[in-house]
1. State all residues of the range 81-109 that are under 14 Å from the mean Cα position of the chain (by Cα), open to solvent by 30 Å² or more (accessible area, probe 1.4 Å) and more than 24 Å from Tyr32 (Cβ to Cβ); if no residue qualifies, say none.
2. If you check Val63 against the conditions, is it assigned to a loop (DSSP other than H, G, I, E, B), under 19 Å from Gln44 (Cα atoms), among the hydrophobic types (A, V, I, L, M, F, W, C) and modelled with pLDDT of 95 or more?
3. As an exercise: evaluate Ser21 against (1) closer than 20 Å to Thr112 by Cα; (2) without any contact (Cβ under 8 Å) to a residue 24 or more places away in the chain; (3) open to solvent by less than 40 Å² (accessible area, probe 1.4 Å) and give the number of the one condition it does not meet.
4. For Val48, indicate whether it is modelled with pLDDT of 95 or more, crowded, with 21+ Cβ neighbours inside 10 Å and in a loop (DSSP other than H, G, I, E, B).
5. Which number in (1) open to solvent by 30 Å² or more (accessible area, probe 1.4 Å); (2) of a type outside the set (S, T, N, Q); (3) in contact (Cβ under 8 Å) with a residue 40 or more places away in the chain; (4) out of contact with any Pro (no Cβ under 8 Å at 6 or more places or on another chain) marks the one condition that Val78 misses?
6. Specify which of the listed residues (Ser62, Ser7, Ser70) is open to solvent by 40 Å² or more (accessible area, probe 1.4 Å) and in contact (Cβ under 8 Å) with a residue 60 or more places away in the chain.
7. What do you reckon, is Tyr37 surrounded by 15 or more Cβ atoms within 10 Å (Cβ to Cβ), closer than 18 Å to Val113 by Cα and of a type outside the set (A, V, I, L, M, F, W, C)?
8. Examine the range 65-75 for a residue that is of a type in the set (Asp, Glu) and under 20 Å from Ser7 (Cα atoms), and state whether such a residue exists.
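The values are calculated or read from the model by the stated rules, or taken from the named source; none is laboratory data. The shown structure was predicted, so the numbers you read here are calculated from the model rather than taken from an experiment. So basically every Cβ, Gly included, is an ideal-geometry build from the backbone, and we count neighbours across all protein chains shown. These accessible areas exclude ligands, DNA and RNA; they are computed on the full protein's heavy atoms, side chains included. Shrake-Rupley method; radii C 1.70, N 1.55, O 1.52, S 1.80 Å.
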Amino acid sequence: QVQLVESGGGLVQPGGSLRLSCEVSGSFFSRYAMGWYRQAPGKQRELVAGIIPDGNTNYSDSVKGRFTISRDNAKNTVYLQMNSLKSEDTAVYYCNAKGQFLSYWGQGTQVTVSS
């Protein structure tokens, strides 16, 4: 069973930065398409950023230019660097790994942007 463990969430002031990490168990990390999603209270879960095995990335319009997704295949870890945070970025952030047949989720980490 593949496990995803997120870390790095917390409380930050508007304009601040956080880096989320997601470590993935198993031997196939380099083959997964990885994504960071978020879900705010009362809203649907949405894709924030994705990165595929060849390193190509994509971002939602709301975070483009502020967030950066990256991966370290040697550490089985995907990162989300979040800069210039806004109150509307407040949500639970989830890591997702997509293999050929299955998709796996982490437990989520809370990010709160507030003064």
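1. Of the range 81-109, the ones under 14 Å from the mean Cα position of the chain (by Cα) are 81-83, 89-98, 104-109.
Among the residues that remain, those that are also open to solvent by 30 Å² or more (accessible area, probe 1.4 Å) are: 81, 83, 90, 92, 94, 98, 104-105, 107.
Those that are under 14 Å from the mean Cα position of the chain (by Cα), open to solvent by 30 Å² or more (accessible area, probe 1.4 Å) and more than 24 Å from Tyr32 (Cβ to Cβ): Asn83, Thr90.
2. Considered against the rule, which asks whether it is assigned to a loop (DSSP other than H, G, I, E, B), under 19 Å from Gln44 (Cα atoms), among the hydrophobic types (A, V, I, L, M, F, W, C) and modelled with pLDDT of 95 or more, Val63 comes out as yes.
3. Unmet condition: (2).
4. For Val48, the condition - modelled with pLDDT of 95 or more, crowded, with 21+ Cβ neighbours inside 10 Å and in a loop (DSSP other than H, G, I, E, B) - is not met.
5. Val78 satisfies every listed condition except (1).
6. Ser7 is the lone residue from the list that is open to solvent by 40 Å² or more (accessible area, probe 1.4 Å) and in contact (Cβ under 8 Å) with a residue 60 or more places away in the chain.
7. On the way: surrounded by 15 or more Cβ atoms within 10 Å (Cβ to Cβ): yes; closer than 18 Å to Val113 by Cα: yes; of a type outside the set (A, V, I, L, M, F, W, C): yes.
Answer is yes for this residue.
8. Looking for residues that are of a type in the set (Asp, Glu) and under 20 Å from Ser7 (Cα atoms), one finds at least one in the range 65-75, hence yes.
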